[in-house]
Amino acid sequence: MSITNQDVQHVAKLARLNLSTDEEQMFTEQLNAILQYAEKLNELDTDGVEPTTHVLPVSNVMREDVQRESLPIEKVMANAPEEEDGQFKVPAVLE
Amino acid sequence: MSLLNQNLKEIHSKLHDKELSVQELVEDTFRTISERDDRIGAYLTLNEEGARNDARRLDDKLASGKERGLLFGLPAGIKDNIVTEGIRTTCASQFLSNFNPVYDATVVRKLRSADAVTIGKLNMDEFAMGGSNENSSFHPVRNPWNPEYVPGGSSGGSAASVAAGEAYFALGSDTGGSIRQPASYCGVVGLKPTYGLVSRFGLVAFASSLDQIGPLTKNVEDAAYVLQAIAGYDHMDSTSANVDIPDYLSALTGDVKGLRVAVPKEYMGEGVDAAVKESVQAALKVLESMGAVVEEVSLPHTEYAVAAYYLLASSEASSNLARFDGVRYGVRAGQSGNLLDLYHESRSQGFGPEVKRRIMLGTYALSSGYYDAFYLKAQKARTLIKRDFDQVFEQYDVIIGPTAPTTAFKLGAQVDDPLTMYLNDILTIPVSLAGVPAISVPCGFSGGLPVGLQIIGKPFDEATVLRVAGAFEQNTGHHKQRPNL
């Protein structure tokens, strides 16, 4: 299996990244090398093997649904690149 | 010579006897940093005012006879992916170059309760992605033993700061070996605890099922002190393990008689440098001479670990890093047409090449049509790797091998070859996938660069890992070597 420039463009779109032509070329070559190496996993017989998503027996952590104090607005907004009236300001969502 | 080259008990005794004040200790640290850090590059941000205020407060506490914390007065460096209220936290990324957290990570809060002093934030590979610390988007870190060489990554700043006497101890984070490998390259002690033992609340996530915070120190006893201070259940971290925390310091008995040590043949095979093997074999002889029983075993799925790791870690990274969009924090790209453009432009300008590479790899592995072939297959390989460890631990107390196949490499030597760079982590990654604890301790030198010995333990059995590491250290002098700076 090999990755093409078009695949890289498609994945970049999914990942919300703009790539330059040079970056596209570089990632096509590097991802091909890495994924070719990853195909090594196909040597493994994993029939009947359960996937391990987590080494701990994790399950949903539940707590009582009680009202509690949240971060104050000024702290939430402290790192906002742009804000207005206690809200994050962004460019138009709908055109 | 920096005061920080002394051991914890010597420093505490001097503080208690009023031969030294915390303020003097802190000033000595900043003086050492100003003398050395332009050659090392370990720090990204210094907390000068905060540290001096803390030092004054702690000296008052000492004078008033109040009870002192476990890490009283000790200057600590914190890897810059651990959030610190009011101290810039960048993850060594341009994306977060203006980010000032509004709360402390749980580990930072715990260090504060133990009376440690935060000196500053330490350089790293961007978002903890890398094995050489050349991926910092500010400047690389250099190895204190030879500035032409890398310090390892991604906690390169943490390891280098301790090796160079610029911090008494440091916190790092380990996803595939990012505490142990730089500890090995810089000749210090680095401990990756069992996944879940130390809270990840406030650690900027890279690969959530693997990330773990741990200490980098000059010796094993100090690692035990720091672990004692930071381990424990935290309700703020949904993956925190609710287990009893033993007394790690009392585990340092120095006795390994009858202890069963497994040495995986895969960890001493092809690709491992001859000088590294020699140092590890000499270390095993030391443990044997103390009564440990050393036997060869096999971890047959070791060769699949790197492939599985890079698929899993990159997949989790692509998901975790989706939150960096230029809306709520971080650097926002200017002149964006609409919201989607803003996401694209902020992310493209904010992230460096290694981060983009991993986001691309992870997005691909999780995308429609490839999920089963890559992501799910890697999760199944992880099961087989974990089973290898479970089987060996049925008969042995610890597993020992090298931390890294070679000593540190030259800056720039592997920067254009990500796959080769990824293979440097072949001996630390299986441990991360299995979630078990492991420590790297200095066990020799090759060509003037340190070699690390990796001691791996059963889940939540840090006490045995520390006991073996401590016994080895007490019978050798490698950890006492310091770079000539």
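The values are calculated or read from the model by the stated rules, or taken from the named source; none is laboratory data. Note that the coordinates shown come from a computational prediction; the quantities given were computed from them, not determined experimentally. Neighbour counts run over all protein chains shown; Cβ positions are idealised from the backbone, glycine included. Note: accessible area is taken over every heavy atom of the protein model, side chains too, but ligands, DNA and RNA are not part of it. Shrake-Rupley method; radii C 1.70, N 1.55, O 1.52, S 1.80 Å.
Let me know the charge dipole size of the protein assembly as shown about its Cα centre in debye, to the nearest 20, where only the beta-carbon of Lys, Arg (+1) and Asp, Glu (-1) is charged.
For this selection, approximately 840 debye.
To the nearest hundred square angstrom, how large is the accessible surface buried between A and B, total for both chains, probe 1.4 angstrom?
By this definition, chains A and B bury close to 5300 Å².
Whole-Hz ³J(HN,Hα) for each residue in region B:321-328, computed from phi via Karplus 6.51 cos²θ - 1.76 cosθ + 1.60 with θ = phi - 60°, x for glycine and proline: what do you get?
Coupling constants for region B:321-328: 7, 5, 6, 8, 10, x, 9, 9 Hz.
Say the dipole of the protein assembly as shown comes from +1 at the beta carbon of Lys and Arg and -1 at that of Asp and Glu; which of B:Ala283, B:Val441, B:Thr29 then lies farthest toward its positive end?
B:Thr29
Per residue, how large is the accessible surface of the protein assembly as shown? Use a 1.4 angstrom probe and give square angstrom.
Accessible area per residue, the protein assembly as shown: 39 Å².
Kirkwood hydrodynamic radius, computed over distinct alpha-carbon pairs, for the protein assembly as shown: how many Å, to one decimal?
After inverting the mean inverse Cα-Cα distance, the result is 24.1 Å.
In debye to the nearest 20, how big a dipole does region B:121-247 give about its Cα centre with +1 on each Lys and Arg Cβ and -1 on each Asp and Glu Cβ?
So the magnitude is around 160 debye.
In the full protein assembly as shown, how much of A:His10 is accessible to a 1.4 Å probe, in Å² to the nearest 10?
110
Could you tell me how many degrees, from 0 to 90 and to the nearest 10, lie between the Cα long axis of helix A:21-38 and the main elongation axis, the longest principal axis, of the Cα atoms of chain A?
The angle comes out at about 70 degrees.
Which residues does the label zone of B:Arg68 cover in region B:18-41, counting backbone N under 18 Å from a point 7 Å along Cα→Cβ?
Inside the label zone: B:18-29.
Please report the base-10 log of the normalised intensity I(q)/I(0) for region B:12-58, using a Debye sum with one equal scatterer per alpha carbon and no solvent, at each q in 0.21, 0.33 (1/Å).
Debye intensities relative to I(0), on a log10 scale: -0.76, -1.16.
Residues of B:353-362, mean number of Cβ from any other protein chain within 10 Å of their own Cβ, rounded to a whole number?
5
Between B:Glu303 and B:Ala275, what length comes free when the chain is fully extended (0.36 nm per residue of separation minus the Cα-Cα distance, one decimal in nm)?
Extending this stretch completely gives an extra 7.9 nm.
Suppose the chain between B:Glu296 and B:Asn146 were pulled fully straight at 0.36 nm per residue; how much longer would it get relative to their current alpha carbon spacing?
That works out to 50.6 nm of additional length.
For a Förster distance of 51 Å, can you work out the FRET efficiency between the beta-carbons of A:Asp65 and B:Gln335, rounded to the nearest 0.05?
So, using R0 = 51 Å, E works out to roughly 0.70.
Just to verify a number: FRET efficiency for B:Ser113 and A:Val58, C-beta to C-beta distance, R0 = 25 Å, to 0.05?
E between B:Ser113 and A:Val58, to the nearest 0.05, is 0.40.
Using the scaling law 2.2 N^0.38 Å as the reference, what is the normalised Cα Rg of region B:211-277?
Normalised by 2.2 N^0.38 Å, the Cα Rg of region B:211-277 equals 1.54.
Assuming 1.306 mPa s and 10 °C, estimate D for region A:27-95 with Stokes-Einstein, Rh taken as the Kirkwood radius over Cα pairs, in µm²/s.
84
By how many degrees, between 0 and 90 and to the nearest 10, does the Cα long axis of helix A:5-14 differ from the longest principal axis of chain A?
Tilt relative to chain A: about 20 degrees.
What is the distance in Å between the Cα centres of region B:322-371 and region B:86-152?
Answer, in whole Å: 22.
Can you give the % of DSSP beta bridges in chain B that are antiparallel, to the nearest 5?
Of those bridges, close to 65 percent are antiparallel.
When Cβ neighbours within 10 Å are restricted to other protein chains, what is their mean count per residue of peptide B:337-347?
4
Within 10 Å of each Cβ of A:35-43, how many other protein chain Cβ atoms are there on average?
Averaged over the peptide's residues, the number is 6.
Exceeding 29 Å between C-alpha atoms, which entries from my cross-link table qualify? They are B:Lys14/B:Lys285; B:Lys61/B:Lys192; B:Lys410/B:Lys480; B:Lys121/B:Lys218; A:Lys13/B:Lys121; B:Lys218/B:Lys356.
Result: B:Lys14/B:Lys285; B:Lys61/B:Lys192; A:Lys13/B:Lys121; B:Lys218/B:Lys356 exceed 29 Å.
Quick one: which residues, 5+ away or cross-chain, put their amide H under 5 Å from the amide H of B:Ser97? H built at 1.01 Å from N.
Here B:Val331 satisfy the definition.
Using only alpha carbon positions, build the gyration tensor of chain B, then give the equivalent ellipsoid semi-axes as the square roots of 5 times its eigenvalues, largest first, whole angstrom.
Computed over chain B, the values are 31, 30, 20 Å.
Where both residues lie in region B:1-135, what percent of DSSP beta bridges are antiparallel, nearest 5?
Counting DSSP beta bridges with both partners in region B:1-135, the antiparallel share is about 45 percent.
If packing is taken as the average count of other Cβ atoms within 10 Å, what order do B:53-60, B:37-44 fall into, highest mean first?
Those peptides, ordered most packed to least, come out B:37-44, B:53-60.
What is the magnitude of the charge dipole of region B:323-478 about its Cα centre, with +1 placed on the Cβ of each Lys and Arg, -1 on the Cβ of each Asp and Glu, and no other charges, expressed in debye to the nearest 20?
Around 380 debye, computed over region B:323-478.
Rank-order B:157-165, A:76-84, B:340-348 by packing density, defined as the average count of other C-beta atoms within 10 Å over each peptide's residues, highest first.
Averaged packing, sorted descending, gives the order B:157-165, B:340-348, A:76-84.
Beyond 20 Å, what percent of the Cα pairs of region B:402-485 remain?
45
Quick one: which of B:184-194, B:87-97 comes out on top by average Cβ neighbours within 10 Å, and what's the full order, highest first?
B:184-194, B:87-97
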